[in-house]
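Here the structure comes first, spelled out in structure tokens, and everything after it is commentary.
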């Protein structure tokens, strides 16, 4: 017997890259409020991100896929009739597109179905996609016209999306949540004279600022004994592989091999285990040359701060909503090497304040970034939209 009042469709091309734990969590937490259906073009990491009600286009009959591609090629439709049929069969009440460029197609599908459409922006869709594909400016304009609500992670991101053409009344600031009930809070202690264990955890992409972090840590290492662990790796795309080359070249050129351990991608649970062994987390995000950005706040930054790990980051995008300097962490000017060096040194000098600052940080996260609270708020937005129809 059906207990949840609504069927919500979620559209994302791939279910699910290993760096998108945050999206898995967001949708999984919604299951106590509504029935959620995933629509994608291909799947990966299903052992890590198992999900009920998964509809994958690549698994549809070959005849259906060929027909849709032909129809798309000759311009009679967007070529996604199979997804429309699947959503009709599932009796979807509302379609939620994840990422702005996904919403371009999602808005068209929702219009065909006669259901409300909402879209969430996450970062690359705000600056990188429009810069690389200028024609998306017009596509976004049409999408906004056919969309009921636009979700984003913070006020900086909201302003950026409004510049793309969204109506301010469409915007809903909705920070991503983390599983606080599973994250133990343990304030760190470090004694000057001992090795300071620094953790960096991010995919190897220019927006993560890893080379900048290493250059700053190299300067700090002249007077502080550092042990640096880097969790993460490159993806398969050329931009990510180039960034990996930059990182390794810097380490080799400056003979930092003895102070750095590259750990590759690690399971989510193992990252939390590693966090317990470190004293300081560094994440100096920045706007990449190709326009890529965090958009809002890196979820890993929220998670690491929630463990009680002191964090140093930058004024990039909505990070200042999470980190207030010397209150909930330490924050440097974006892409400013000298200020990052100074900020790391301030964080080290403030070791006596770590217990208070990390306690403030955890309290702030509990108030604003709890996945259970955020999933309820997201469902309430769905409910408002559906009840208004």
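Listed by position, the helices (runs of 4 or more DSSP H) inside segment 214-310 whose residues that are at pLDDT 95 or above and surrounded by fewer than 18 Cβ atoms within 10 Å (Cβ to Cβ) number at least 3 are 238-253, 268-276. Is one or more of the residues making up segment 352-370 assigned to a loop (DSSP other than H, G, I, E, B) and surrounded by fewer than 22 Cβ atoms within 10 Å (Cβ to Cβ)? No, segment 352-370 contains no residue that is assigned to a loop (DSSP other than H, G, I, E, B) and surrounded by fewer than 22 Cβ atoms within 10 Å (Cβ to Cβ). When each of 261, 315 is tested for being without any contact (Cβ under 8 Å) to a residue 40 or more places away in the chain, in the same structural domain as residue 187 (by TED's automatic domain parsing) and under 16 Å from residue 216 (Cβ atoms), the lone residue that passes is 315. For segment 108-151, a residue qualifies if it is touching a strand residue (DSSP E or B) at 6+ places or on another chain (Cβ under 8 Å), assigned to a helix (DSSP H, G or I) and either more than 15 Å from residue 9 (Cα to Cα) or in contact (Cβ under 8 Å) with a residue 60 or more places away in the chain (or both), and the qualifying residues are 109, 143, 144.
Restricting attention to segment 36-54, the residues that are modelled with pLDDT of 95 or more and either in contact with a helix residue (DSSP H, G or I) (Cβ under 7 Å, 6 or more places away or on another chain) or crowded, with 20+ Cβ neighbours inside 10 Å (or both) total 5. In segment 51-65, the residues that are in the same structural domain as residue 37 (by TED's automatic domain parsing) and closer than 22 Å to residue 23 by Cα form Cβ pairs under 8 Å with partners that are assigned to a helix (DSSP H, G or I) and at pLDDT 55 or above, at six or more places apart or across chains, as follows: 51/24; 51/27; 51/28; 55/83; 55/86; 57/82; 57/83.
Determine, yes or no, whether residue 176 is buried (at least 18 other Cβ atoms within 10 Å of the Cβ), in contact (Cβ under 8 Å) with a residue 24 or more places away in the chain, on the phi < 0 side of the Ramachandran plot and assigned to a loop (DSSP other than H, G, I, E, B). Steps first, please.
Details: buried (at least 18 other Cβ atoms within 10 Å of the Cβ): yes; in contact (Cβ under 8 Å) with a residue 24 or more places away in the chain: yes; on the phi < 0 side of the Ramachandran plot: yes; assigned to a loop (DSSP other than H, G, I, E, B): yes.
For residue 176, the condition - buried (at least 18 other Cβ atoms within 10 Å of the Cβ), in contact (Cβ under 8 Å) with a residue 24 or more places away in the chain, on the phi < 0 side of the Ramachandran plot and assigned to a loop (DSSP other than H, G, I, E, B) - is met.
Looking at segment 28-56, which of its residues are part of a loop (DSSP other than H, G, I, E, B) and within 21 Å of residue 236 (Cα to Cα)?
From segment 28-56, those part of a loop (DSSP other than H, G, I, E, B) are 31-34, 41, 44-53; that's our starting set.
Passing the criteria: 41, 44, 45, 46, 47, 48, 49.
Among the numbered conditions (1) within 25 Å of residue 224 (Cβ to Cβ); (2) surrounded by 17 or more Cβ atoms within 10 Å (Cβ to Cβ), the only one that residue 318 does not meet is (1).
Could you tell me whether any residue of segment 326-336 is assigned to a helix (DSSP H, G or I) and within 21 Å of the chain's Cα centre (by Cα)? Walk me through how you get there before you give the answer.
In the first step, residues of segment 326-336 are kept if they are assigned to a helix (DSSP H, G or I); the result is none.
Scanning segment 326-336 turns up no residue that is assigned to a helix (DSSP H, G or I) and within 21 Å of the chain's Cα centre (by Cα).
The set of residues in segment 7-27 being more than 22 Å from residue 237 (Cα to Cα) and surrounded by fewer than 17 Cβ atoms within 10 Å (Cβ to Cβ) is empty.
The values are calculated or read from the model by the stated rules, or taken from the named source; none is laboratory data. Fair warning: this is a prediction, and the values are worked out from it, not measured in the lab. Quick reminder, even Gly has a Cβ in these numbers, built from the backbone with ideal geometry, and neighbours come from all protein chains shown.
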